Amino acid sequence: MTARLIDGNALSRHLRAEVARRAAALTARGVTPGLAVILVGDDPASAVYVRNKVKACHDTGIRSVQETYPASLTQSELLARIATLNADPAIHGILVQMPLPRHLDAQAVIEAIDPAKDVDGFSTASAGELMTGLPGLRPATPAGCMKLIESTGIDLRGKHAVVVGRSNTVGKPMALLLLQANATVTVCHSATPDLGAFTRQADVVVVAVGRLHTLRGDMVKPGAVVIDVGINRDEHGKLCGDVDFAAVSQVAGAITPVPGGVGPMTITMLLVNTLDAAERAAGAAATTP
Ligand code: GUN
């Protein structure tokens, strides 16, 4: 069998058109959705990510405010800046690009963001909301994976989903989102012996470890949905994920490519989170006496 390709670019285009429609409707009510993006230091990869996020905002009618600071910025200066943005009613989302320079306490910075504006969903408040099933802002990459899985038409209720990877940004929230969708969830990681024994039982596999060829063709159940979060370079410098795409696509029912799968969804879900936050703020403002 040859797997159906899950097209993250096409799904992103569709979702971004919906974001643009919602942004225009909110703007027409006098509230332009606003995202603050903070970049500290001169990491070239971070600069590219931030540029892409700012462009995506511009393309969908979200006002973005980019603030770039030298690596010498102090913790208290950064916290003061976040406090100002927390209090700014024109800003609905605040994103501090990671990684931060080593002298800054990244977790303390994340915790300083108003949970209602935590569009990365990285704070313990947002993690707690996800854990308990309360409404809140979900981390963008796993939220994007859920959209990709849903786009296949699979009903997750009672299905076995295996998540490979246990990071705070992808693996753990991914497992909770799948659980919330009524899947039976197994989380595998670097200390799991015989990974294939688990993944072969899975109706859905999400791989997020950052290691080439973590999931091979003989580790997948025929017809399974395979989501590849990895971004690696192979020995020829070619971009590829954590999944051996050539082999697994012969066995799986549906699979995301790299590039063009999960990648475009991450920024798309950041835009969705910003709209959700702005609509919630506008709704709260409209109902405040
Ligand atoms: N660095 C790499 N990915 C991300 C992300 O999703 N959000 C933030 N804030 N920093 C990142």
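The values are calculated or read from the model by the stated rules, or taken from the named source; none is laboratory data. Predicted model, so just to flag it, every value in this text is computed and none were measured. Neighbour counts run over all protein chains shown; Cβ positions are idealised from the backbone, glycine included. The area values use the complete protein model at the heavy-atom level, side chains included, leaving out ligands, DNA and RNA. Shrake-Rupley method; radii C 1.70, N 1.55, O 1.52, S 1.80 Å.
What are the residues in the stretch 24-71 that are of a type in the set (A, V, I, L, M, F, W, C) and in contact with a Lys or Arg (Cβ under 9 Å, 6 or more places away or on another chain), if any?
Passing the criteria: LEU35, ALA36, VAL37, ILE38, ALA56, CYS57.
Restricting attention to the stretch 131-160, which residues are open to solvent by less than 50 Å² (accessible area, probe 1.4 Å) and away from the ligand (no atom under 15 Å from the Cβ)?
GLY133, GLY136, MET146, LEU148, ILE149, THR152, ILE154, LEU156, HIS160 - these are the residues of the stretch 131-160 that are open to solvent by less than 50 Å² (accessible area, probe 1.4 Å) and away from the ligand (no atom under 15 Å from the Cβ).
Take the stretch 92-110 and flag every residue that is part of a loop (DSSP other than H, G, I, E, B) and farther than 19 Å from THR274 by Cα.
PRO99, LEU100, PRO101, ARG102, HIS103, LEU104, ASP105, listed by residue number.
For the stretch 28-61, enumerate the residues that are within 18 Å of the chain's Cα centre (by Cα) and within 15 Å of ILE91 (Cβ to Cβ).
Scanning the stretch 28-61 gives LEU35, ALA36, VAL37, ILE38, LYS53, VAL54, CYS57.
All but one of (1) open to solvent by less than 10 Å² (accessible area, probe 1.4 Å); (2) away from the ligand (no atom under 16 Å from the Cβ) hold for ALA246; state the number of the condition that does not hold.
In the conditions (1) open to solvent by less than 10 Å² (accessible area, probe 1.4 Å); (2) away from the ligand (no atom under 16 Å from the Cβ), ALA246 misses (1) alone.
Of all residues in the stretch 203-223, which are more than 22 Å from the chain's Cα centre (by Cα) and small (Gly, Ala, Ser)?
Those that are more than 22 Å from the chain's Cα centre (by Cα) and small (Gly, Ala, Ser): GLY217, GLY223.
Identify all residues within the stretch 103-130 that are within 13 Å of the ligand (Cβ to nearest atom) and open to solvent by 60 Å² or more (accessible area, probe 1.4 Å); write none if there are none.
GLN107, PHE122
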